[in-house]
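Worksheet: the structure to be examined is printed underneath.
The values are calculated or read from the model by the stated rules, or taken from the named source; none is laboratory data. Computed from a prediction, not measured in an experiment: that's the story for all the values here. As a convention, Cβ positions derive from the backbone with ideal geometry for all residues, glycine included, and neighbour counts pool all protein chains shown. Surface accessibility is based on the protein's heavy atoms, side chains included, excluding ligands, DNA and RNA. Shrake-Rupley method; radii C 1.70, N 1.55, O 1.52, S 1.80 Å.
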Protein chains: 2
Amino acid sequence: MKILITSGGTSEKIDRVRSITNHSTGQLGKIIAETCLKKGDQVTLVTTRKAVKPVEQENLDIILIENVADLLETIEPLVQTHDVFIHSMAVSDYTPIYMAGFEQVAKSSNLQEFLDKKNQESKISSQDDVQVLFLKKTPKIISHVKKWNPNIMLIGFKLLVDVSKEELISVARKSLVNNQAQIIVANDLADISEHEHLAYLVEKDSKTIARSKEEIAQLLFEKIHARNNV
Amino acid sequence: MKILITSGGTSEKIDRVRSITNHSTGQLGKIIAETCLKKGDQVTLVTTRKAVKPVEQENLDIILIENVADLLETIEPLVQTHDVFIHSMAVSDYTPIYMAGFEQVAKSSNLQEFLDKKNQESKISSQDDVQVLFLKKTPKIISHVKKWNPNIMLIGFKLLVDVSKEELISVARKSLVNNQAQIIVANDLADISEHEHLAYLVEKDSKTIARSKEEIAQLLFEKIHARNNV
């Protein structure tokens with residue numbers, strides 16, 4: 001099978017020396033990729049320069065991206081040529097529009113004016129004691145996947161922080177329905193450490209618990225192949 | 001000699017999943033550390049988890065930090081026990097105070113109110129189409145060094161982007177005077193690539209050009225030891 005995996009975290013530039021980065025080592029995506037490769041699947045891994053990666057090998061293509069715009073452009077054609085899409089990348093929700101000194105912003109009678117501006121400097125000046133950064137929402141890649149390829153098996157991820165199990169599952173189920181995903185892997189940052197990774201694989205009529213990255217990868221592999229053998 | 005070196009780039013958290021990061025691989029600090037170690041100096045390297053580092057060895061202490069607050073706390077006592085401080089780390093100029101939805105900010109009659117707020121959420125909600133992040137200036141570590149230890153030899157760095165050589169040297173010279181530094185290494189991001197690294201070692205009455213990271217390290221080593229042999 002042809003499996004498309006994303007891993008790592010995107011970075012959105014503020015200027016040439018600073019970015020807003022979503023934390024993710026890429027470890028989970030790496031283990032999922034390795035699990036599928038070992039069993040003979042063909043894997044395309046879309047990841048970042050800093051993320052950990054499987055060693056180079058037959059049946060593995062690695063594509064490096066940095067920000068959400070890169071990701072969108074890269075993923076659209078790939079979704080159309082793969083059987084499964086496992087979207088484990090930590091994607092920036094917002095990207096910088098404009099940064100200005102506090103005084104300038106406080107004086108403005110209409111903040112809307114800053115949303116059409118662009119910083120011209122390569123390195124934004126650091127004169128002001130307080131600065132104000134305007135950010136806009138990035139496109140939600142997962143919401144486009146089924147339009148690009150209605151037949152792809154879509155596996156999404158939902159990471160929350162310090163919420164109840166009920167809320168985590170409920171948010172994951174909403175994402176499952178809204179994005180027409182087959183599985184949402186729901187996890188809470190509070191339950192992730194170096195050796196443990198608690199996650200719920202939420203499907204339409206069931207949920208399965210996993211307690212490590214290896215177990216998440218193994219369960220995903222089984223569910224992908226079970227579904228495609230039906 | 002006891003040489004304190006910083007390298008890599010600091011990260012300031014927006015929330016538990018996002019940070020603002022200053023780009024720096026740590027490569028230059030690593031090469032400076034290795035050059036000094038090879039010649040028998042004792043090195044304390046304050047760096048980040050993601051930065052490249054010399055291999056573990058005798059006479060090398062590595063201390064990991066993440067943000068400017070960590071750095072300040074770590075550096076102050078170390079400055080007092082070292083002969084030379086080479087501050088090559090890319091330090092965040094600003095750190096997040098508060099993030100709010102655009103509508104909420106646009107409605108406010110006094111933006112000052114947001115500067116005393118703190119986000120309580122572990123992961124800031126991503127409902128709004130536009131968000132506004134307020135950031136405040138971080139303390140300038142280099143400006144405190146000579147107060148902590150008037151006898152330390154201080155070597156600072158100034159990175160600008162796409163400026164003229166004259167402007168670069170002039171900004172470096174201002175930093176030299178303001179911070180009572182012995183050398184400011186002035187460089188422009190446009191002149192740094194994988195194999196080249198153009199820099200000017202700006203001193204009170206002279207400047208020396210270097211064309212690679214190895215050359216910068218070698219020149220710094222010579223200048224440190226020349227000064228201390230007088």
### Message
If I model a spin label at A:Gln127 and B:Asp61 as a point 7 Å from the Cα along the Cα→Cβ vector, what separation in nanometres do I get?
### Response
4.1 nm
#### Entry: 3J(HN,Hα) from dihedral phi, segment A:17-25, Karplus parametrisation 6.51/-1.76/1.60, rounded to Hz, x for glycine, proline
10, 10, 9, 9, 10, 8, 5, 5, 6
### Task
Specify which residue in the list B:Gln112, B:Ser125, B:Ala100 is farthest towards the positive end of the charge dipole of segment B:94-137, using unit charges on the beta carbon of Lys, Arg (+1) and Asp, Glu (-1), about the Cα centre.
B:Gln112
### Task
Measure off 7 Å from each Cα along the Cα-to-Cβ vector at B:Val52 and B:Lys204, then give the distance between these two points in nanometres to one decimal.
3.6 nm
### Task
Against the globular-protein guess of 2.2 N^0.38 Å, express the Cα radius of gyration of segment A:165-206 as a ratio, rounded to two decimals.
1.18
### Query
How far, in degrees from 0 to 90, does helix B:68-79 lean away from the longest principal axis of the Cα atoms of chain B, to the nearest 10?
30 degrees
### Task
Quick one: angle between helix B:27-38 and the longest Cα principal axis of chain B, in degrees between 0 and 90, rounded to 10, please.
30 degrees
### Query
At a probe size of 1.4 Å, how large is the accessible area of B:Lys165, to the nearest 10 Å²?
90 Å²
### Message
Just to be sure I follow: if Rg is taken over the C-alpha atoms of segment B:59-118 and Rh is the Kirkwood radius over the same atoms, what is Rg/Rh?
### Response
1.22
### Degrees between helix A:165-178 axis and first principal axis of chain A (Cα, 0 to 90, nearest 10)
90 degrees
### Message
If I take all pairs of Cα atoms in chain A, what percentage of them are more than 25 Å from each other?
### Response
45 percent
#### Entry: Square roots of 5 times each gyration tensor eigenvalue, C-alpha, segment B:1-100, largest first, Å
27, 14, 10
### Task
Please calculate the 1.4 Å probe accessible area of A:Phe102, with all protein chains present, and give it to the nearest 10 Å².
10 Å²
### Message
Give me the residues in segment B:14-36 whose solvent-accessible area, probe 1.4 Å, is reduced by at least 40 Å² once all protein chains are included instead of the chain isolated.
### Response
B:Arg16, B:Val17, B:Arg18, B:Ser19, B:Ile20, B:Thr21, B:His23
### Task
Could you state how much accessible area B:Glu167 has, in square angstrom rounded to the nearest 10, with a 1.4 Å probe and all protein chains kept in place?
90 Å²
### Query
Average partner chain C-beta neighbours within 10 Å, per residue of B:3-13?
1
### Query
Ordering B:His195, B:His23, A:His225 from largest to smallest accessible area (1.4 angstrom probe), what's the sequence?
B:His195, B:His23, A:His225
### Summary
In units of 2.2 N^0.38 Å, the Cα radius of gyration of segment B:136-230 is 1.10
### Task
Calculate for chain A the 222 nm mean residue ellipticity that helices alone would give, adding -39,500 (n - 2.57) per DSSP H run of length 4 or more and normalising by residue count, nearest 500 deg cm²/dmol.
-8500 deg cm²/dmol
### Query
What's the buried accessible area, both sides, between A and B using a 1.4 Å probe, rounded to 100 Å²?
3800 Å²
### Summary
Once phi for every residue in segment B:92-105 is put through the Karplus expression 6.51 cos²θ - 1.76 cosθ + 1.60 (θ = phi - 60°), the whole-Hz ³J(HN,Hα) values, with Gly and Pro written as x, are 4, 6, 10, 10, x, 9, 7, 10, 9, x, 4, 4, 4, 6
### Query
When N counts the residues of segment A:94-137, how does its alpha-carbon radius of gyration compare numerically with 2.2 N^0.38 Å, as a ratio?
1.11
### Task
Tell me which residues come under 5 Å, amide H to amide H, from B:Ile62 once H is placed; ignore anything under 5 positions away on its chain.
B:Leu45
### Query
Which sequence of B:Glu166, B:Glu222 reflects their accessible areas, 1.4 Å probe, from the largest down?
B:Glu166, B:Glu222
### Task
Take peptide A:123-131, look around each residue's Cβ out to 10 angstrom, count Cβ atoms belonging to other protein chains, and average those counts.
5
### Query
Across bins of 20 angstrom width beginning at 0, how are the C-alpha pair distances of the protein assembly as shown distributed, in whole percent?
22, 48, 27, 2, 0
### Query
With +1 on each Lys and Arg Cβ and -1 on each Asp and Glu Cβ, how big is the dipole of segment A:62-210 about its Cα centre, in debye rounded to the nearest 20?
600 debye
### Residues of the protein assembly as shown: accessible area per residue with a 1.4 Å probe, Å²
48 Å²
### Summary
HN-Hα couplings for segment B:210-215 via Karplus (6.51, -1.76, 1.60; θ = phi - 60°), in whole Hz with x for Gly/Pro, come out as 10, 10, 8, 4, 5, 5
### Task
For each pair in B:Lys107/B:Lys137; A:Lys147/A:Lys213; A:Lys165/B:Lys136; A:Lys30/B:Lys136, compute the distance between the two Cα atoms and list the pairs where it is over 28 Å.
A:Lys147/A:Lys213; A:Lys165/B:Lys136; A:Lys30/B:Lys136
### Message
Rounded to two decimal places and with Rh computed the Kirkwood way over Cα pairs, what is Rg over Rh for segment B:4-50?
### Response
1.12
